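The values are calculated or read from the model by the stated rules, or taken from the named source; none is laboratory data. Everything numeric in this text was worked out from a predicted model, so none of it was measured. Note that we place each Cβ from the backbone using ideal geometry, even for glycine, and neighbour counts take in every protein chain shown.
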Amino acid sequence: MSLRPLLTAAAGAALLLGPVVAAPPAAAAAAPGETVTVSATGRITDDGKITLSGTYRCTGATGPAFVSSSVHQGSSTVRYGIGGTGAVCDGTLRTWKNTGSVHADTVRPGKVEAEATVTELRSFAGLPLPVIHAVQKKGVELKAA
């Protein structure tokens, strides 16, 4: 069996799809004034429910946006997602608060590294791709609730 018909078909498909499929937008650095902060303290219950909060400001979103958060503790490289909140990217400073659960005793009261990210899902060639508006990593004290 000759490879020529297969290669010809692949080349033809690439030519047809080329104008439709372009490179996705680069992850943009935060625009001036776009920020996200994490409060210095969070809460954790005995059953592993963690609450983090902070502020954010973003602009220019054309798709749905949200503030996500995560934590990790000690030498573990595992990050645990702590919920997500819808974001309004109109340039106004707003507050966010996320709550999520981890297995009991996975994360304990004390120092954790928390991360908050403002992400937009922007449509590109019909696909929703993430665009990061702002990120902060910060040491946070989880207090027993």
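Once the range 111-128 is narrowed to residues that are in contact with a strand residue (DSSP E or B) (Cβ under 7 Å, 6 or more places away or on another chain) and at pLDDT below 95, the residue that is surrounded by the most Cβ atoms within 10 Å (Cβ to Cβ) is R122.
For the range 89-110, the condition holds for no residue, the condition being that it is buried (at least 16 other Cβ atoms within 10 Å of the Cβ), among the hydroxyl-bearing types (S, T, Y) and in contact (Cβ under 8 Å) with a residue 60 or more places away in the chain.
Residues of the range 63-80 that are part of a loop (DSSP other than H, G, I, E, B), farther than 30 Å from F124 by Cβ and in contact (Cβ under 8 Å) with a residue 12 or more places away in the chain: Q73 alone.
Report yes if A22 is within 15 Å of V135 (Cα to Cα), modelled with pLDDT under 95, part of a loop (DSSP other than H, G, I, E, B) and of a type in the set (A, V, I, L, M), otherwise no. Criteria not met by A22. The single residue among T8, T59 that is among the hydroxyl-bearing types (S, T, Y) and either at positive phi or modelled with pLDDT of 95 or more (or both) turns out to be T59.
Residues that are within 23 Å of T35 (Cβ to Cβ) and not in a loop (DSSP other than H, G, I, E, B) within the range 84-110 comprise G84, T85, G86, A87, D90, R94, T95, W96, K97, N98, T99, G100, listed in sequence order. Somewhere in the range 115-122, is a residue assigned to a strand (DSSP E or B), over 13 Å from S68 (Cβ atoms) and out of contact with any Cys (no Cβ under 9 Å at 6 or more places or on another chain)? Looking for residues that are assigned to a strand (DSSP E or B), over 13 Å from S68 (Cβ atoms) and out of contact with any Cys (no Cβ under 9 Å at 6 or more places or on another chain), one finds at least one in the range 115-122, hence yes. Taken as a whole, the structure places D105 among residues that are charged (D, E, K, R) and under 20 Å from T51 (Cα atoms).
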